[in-house]
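Below: one structure in structure tokens.
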Amino acid sequence: QVQLVESGGGLVQPGGSLRLSCEASGRTFGGYYMAWFRQAPGKEREFVAALRLTDSYPYVEDTVKGRFAISRDTAKTKVFLQMNNLESEDTALYYCAGRERRVASPSYWLRQTYQYDYWGQGTQVTVSS
């Protein structure tokens, strides 16, 4: 089975930065998208950003647009979430997700958790002074 493993979470002060990483392992992942979601205590899991792997085209949630960026490494082994100017509201467990197949209307469908085939276990991001 394909496994996704996140790393890079931690405790940062407001205004600080973190870069999360996600790497797939196990069975070959013929994915079309990879994405980041987050879930704060008592809240539903929400979309953060996704990346179309064919050309690295990004889809970023409006609430974090301009502060967060999604990308992949040169060797195409990892997907990153660069988080700048972090706010307390960004505190959450951040999950990496993968989808195998192309989807129509990605700005809508990629926001839905059930559209993804694989999920990581999450990495905690805490923003506090």
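The values are calculated or read from the model by the stated rules, or taken from the named source; none is laboratory data. Just so it is clear, the structure is predicted and the values come from calculations on it, not from any experiment. Glycine gets a Cβ as well: all are built from the backbone with ideal geometry, and neighbour counts include every protein chain shown. Surface accessibility is based on the protein's heavy atoms, side chains included, excluding ligands, DNA and RNA. Shrake-Rupley method; radii C 1.70, N 1.55, O 1.52, S 1.80 Å.
Among the residues of the range 43-56, which ones are modelled with pLDDT of 95 or more and either farther than 15 Å from C96 by Cα or in a loop (DSSP other than H, G, I, E, B) (or both)?
K43, E44, R45
Whether any residue in the range 72-89 is loosely packed, with under 15 Cβ neighbours inside 10 Å, free of Cβ contacts under 8 Å to residues at least 60 places away in the same chain and within 15 Å of R19 (Cα to Cα) is what I want to check.
Scanning the range 72-89, I find at least one residue that is loosely packed, with under 15 Cβ neighbours inside 10 Å, free of Cβ contacts under 8 Å to residues at least 60 places away in the same chain and within 15 Å of R19 (Cα to Cα), so the answer is yes.
While we're looking at this one, here's another question. Can you tell me how many residues in the range 8-40 are at pLDDT 95 or above, part of a strand (DSSP E or B) and more than 28 Å from S107 (Cβ to Cβ)?
3
Take the range 90-107 and flag every residue that is without any contact (Cβ under 8 Å) to a residue 40 or more places away in the chain and either touching a Gly at 6+ places or on another chain (Cβ under 9 Å) or polar (S, T, N, Q) (or both).
If we filter the range 90-107 for residues that are without any contact (Cβ under 8 Å) to a residue 40 or more places away in the chain, which is where we start, we get 104-105.
Answer for the range 90-107, where residues must be without any contact (Cβ under 8 Å) to a residue 40 or more places away in the chain and either touching a Gly at 6+ places or on another chain (Cβ under 9 Å) or polar (S, T, N, Q) (or both): just S105.
Residue-wise test of (1) within 19 Å of L86 (Cα to Cα); (2) open to solvent by less than 30 Å² (accessible area, probe 1.4 Å); (3) not aliphatic (A, V, I, L, M).
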{"residue": "V12", "(1), (2), (3)": "yes, yes, no"}
{"residue": "S21", "(1), (2), (3)": "yes, yes, yes"}
{"residue": "G31", "(1), (2), (3)": "no, yes, yes"}
{"residue": "M34", "(1), (2), (3)": "no, yes, no"}
{"residue": "E44", "(1), (2), (3)": "no, no, yes"}
{"residue": "A49", "(1), (2), (3)": "yes, yes, no"}
{"residue": "Y57", "(1), (2), (3)": "no, no, yes"}
{"residue": "V60", "(1), (2), (3)": "yes, no, no"}
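Mind listing just one residue for me: the one in the range 2-23 that is of a type in the set (A, V, I, L, M) and more than 13 Å from the chain's Cα centre (by Cα) and, of those, nearest to R67 (Cα to Cα)?
Pass one, the range 2-23, residues of a type in the set (A, V, I, L, M): 2, 4-5, 11-12, 18, 20.
If we keep only those that are more than 13 Å from the chain's Cα centre (by Cα) as well, we get 2, 11-12.
Working: V2: 30, L11: 17, V12: 15 Å.
The residue in question is V12.
In addition: Name the residue that is nearest to R38 (Cα to Cα), counting only residues in the range 90-129 that are among the basic types (K, R) and surrounded by fewer than 19 Cβ atoms within 10 Å (Cβ to Cβ). Please lay out each step first, then the result.
Step one: list which residues in the range 90-129 are among the basic types (K, R), which gives 99, 101-102, 111.
From what's left, surrounded by fewer than 19 Cβ atoms within 10 Å (Cβ to Cβ): 101-102, 111.
Values: R101: 22, R102: 22, R111: 11 Å.
Once the filter is applied, the top-ranked residue is R111.
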